[in-house]
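Here the structure comes first, spelled out in structure tokens, and everything after it is commentary.
The values are calculated or read from the model by the stated rules, or taken from the named source; none is laboratory data. Since we're looking at a predicted model, the values are computed, not measured. Cβ coordinates were reconstructed from backbone atoms using ideal geometry, including for glycine residues, and neighbour counts include every protein chain displayed.
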Amino acid sequence: MTAGFNAGKTGDKRFFDRDFREMFSSQLVSLTGGVIAGAALAAYTDKLLLLPGMLIILPGFLEMRGNISSSFASRLSSGLFLRVINPDKIKSKIIVGNLAASFFLAVFVSLVLGVVAFAFNYFFLQQVFWKIVFLPLLAGVIANAIEIPLTLAATLYLFKKGHDPNNIMGPFVSSTGDITSIAALLIALAVL
Amino acid sequence: MKNKNGKKEAENKNDGKTGLKEIGNPLARVFHEAHAHKRVVVTPRLPRKLERLRALPRKHFHPLQHDLHAKHKLSRKTLFYVKEYGAHSNVAGTIIKESIKILLLASIVSSLGGFALENIKAAFVAIVPLVVLLPALNDMIGDYASIISSRFSTMLHEGKVRGCERGWWKNAELHKLFMQVLFLAVFTATLGAAAALVISSASFAVSALVAFKVFAIALIDAVLLVTVLFFVAIAAGFYFFGKGEDPSNFLIPITTSIADFGNMLLLALLVTVFF
């Protein structure tokens, strides 16, 4: 199944080819981040997961962070490669616009998730639990205040060092996003 | 008119070969860079064409775009970026307008899967290794959905797989992609389950039976979802490609939403069956 794997005529015929190695290494990074986030989640299960509606918020909240920051990194990378974005000039129109849009999207989607969870609690569990609306909202603000500047700095740094951020930022964002999201939810819970 | 053109040509000569002085800095850099690599065909009229492109309404497709691509060898990606985020566009507004619908849809679909898990919350949170594994499994399945979708889209574009091809399952490249992703899914699910069991052993009594069930849940979840996502990506890819659309724009949102929803639903089902 290894070297002689039946592959296309033009591509690399080996099973463990360059694509496989790239997928493998990115998945290892992503898995590490996911397991760390899961460990934090398990440690605070009684405070976080036992809140009514929390399991409705959690998948969407974790997914959103990756979606927003990955798209942000991807847009930055395209701009950097096209030389429309100067890696040494952060206060440009495109970067500021991207930062503002990413932050707004994250806060808005967090609020919607909170409302969905509140509606579930109200209609299915007959519970009025307002905290579930403000918890993802505050956590979204905290997580993005960390994650979005981190994504910007990492993308610019990788580009300046001669790497292609497209290959690295996906797993980086999904693993750091999970950790910051869980940490932000815990901070928001402590504040509220 | 002639005078105006004459003036422009004079300016172009002053500015050397490119004549992009009157165009904004970023565009000039794009152009200079491309010109340095001898990719772009330079004519005196190119600067004005680029300026006209920037001034066009964002969603308006103009034959000028095709002309710039075909005649001047400027890539479609460059032209898209110039038009999308040019001087006349509101960058934040454009991004928000284009992303908000799909983001809301993806987040709400992910949350729908959470409804199933919320219903068996008491049983689920009692199995600590599964709580540790949850974010990793969610990420993993979503990542495989993106990989399958983007690689299959590229295969369609490159003509390695023909649209609605009969006997596509005999295609060696597709076989390889499926086997690679399946192998990775099995490997990472096993690794994730092992890590989750080790981490949770500090606060949770991990018996051989519980360990077996956690491994079984992780493996069944990963293998079943990767297989379903593979067939969904192929069916949707052939459909959109056959309709003359770019499958890249549709496959990733479709498959990642199914991945999130399916993962939570399947987890809820497997926890009910096994525990």
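Results, tabulated for the structure shown:
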quantity	calculated
Residue list for the range A:100-147, restricted to those being under 16 Å from B:I96 (Cα atoms) and surrounded by fewer than 24 Cβ atoms within 10 Å (Cβ to Cβ)	A:A100, A:F103, A:F104, A:V107, A:F108, A:L111, A:V112
Residue ID - surrounded by the most Cβ atoms within 10 Å (Cβ to Cβ), chosen from residues in the range B:190-203 that are closer than 24 Å to B:S146 by Cα and not hydrophobic (A, V, I, L, M, F, W, C)	B:G192
Odd one out for B:F61, checked against (1) of a type outside the set (S, T, Y); (2) surrounded by 15 or more Cβ atoms within 10 Å (Cβ to Cβ); (3) assigned to a loop (DSSP other than H, G, I, E, B); (4) modelled with pLDDT under 75	(2)
Scope the range B:110-128; condition at the interface with another protein chain (Cβ under 8 Å from one of its Cβ atoms) and either within 24 Å of A:I95 (Cβ to Cβ) or of a type outside the set (F, W, Y) (or both); matching residues	B:S110, B:S111, B:G113, B:G114, B:L117, B:E118, B:K121, B:V125, B:V128
Selection status of B:L137, assigned to a helix (DSSP H, G or I), within 11 Å of chain A (Cβ to nearest Cβ) and more than 25 Å from A:S175 (Cβ to Cβ)	no
Failed criterion for B:F183 (all others in (1) modelled with pLDDT of 90 or more; (2) buried (at least 18 other Cβ atoms within 10 Å of the Cβ); (3) closer than 23 Å to A:P171 by Cβ; (4) facing chain A (nearest Cβ under 10 Å) hold)	(2)
Residue check for A:A37: modelled with pLDDT of 80 or more, within 8 Å of chain B (Cβ to nearest Cβ), within 23 Å of the chain's Cα centre (by Cα) and closer than 20 Å to A:M169 by Cβ	yes
Any hit, the range B:104-126, residues being surrounded by fewer than 21 Cβ atoms within 10 Å (Cβ to Cβ), in the same structural domain as B:D260 (by TED's automatic domain parsing), outside any helix (DSSP H, G or I) and not charged (D, E, K, R)	yes
Residue check, A:L58 buried (at least 19 other Cβ atoms within 10 Å of the Cβ), at the interface with chain B (Cβ under 7 Å from one of its Cβ atoms) and modelled with pLDDT under 80	no
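Condition check ((1) under 20 Å from the mean Cα position of the chain (by Cα); (2) modelled with pLDDT of 85 or more; (3) within 7 Å of another protein chain (Cβ to nearest Cβ)) across all residues:
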residue	(1), (2), (3)
A:E63	yes, no, yes
A:G66	yes, no, no
A:S74	yes, no, no
A:F81	no, no, no
A:V84	no, no, yes
A:K93	no, no, yes
A:A101	yes, yes, yes
A:G114	yes, yes, no
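Condition check ((1) in contact with a Gly (Cβ under 7 Å, 6 or more places away or on another chain); (2) assigned to a helix (DSSP H, G or I); (3) buried (at least 21 other Cβ atoms within 10 Å of the Cβ)) across all residues:
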{"site": "A:M64", "(1), (2), (3)": "no, yes, yes"}
{"site": "A:S70", "(1), (2), (3)": "yes, yes, no"}
{"site": "A:V84", "(1), (2), (3)": "no, no, yes"}
{"site": "A:N98", "(1), (2), (3)": "no, yes, yes"}
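Residue-by-condition table, conditions (1) surrounded by fewer than 19 Cβ atoms within 10 Å (Cβ to Cβ); (2) closer than 14 Å to B:V132 by Cβ:
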| position | (1), (2) |
| --- | --- |
| B:T188 | no, no |
| B:A205 | yes, no |
| B:V210 | no, yes |
| B:V214 | no, yes |
| B:V226 | no, no |
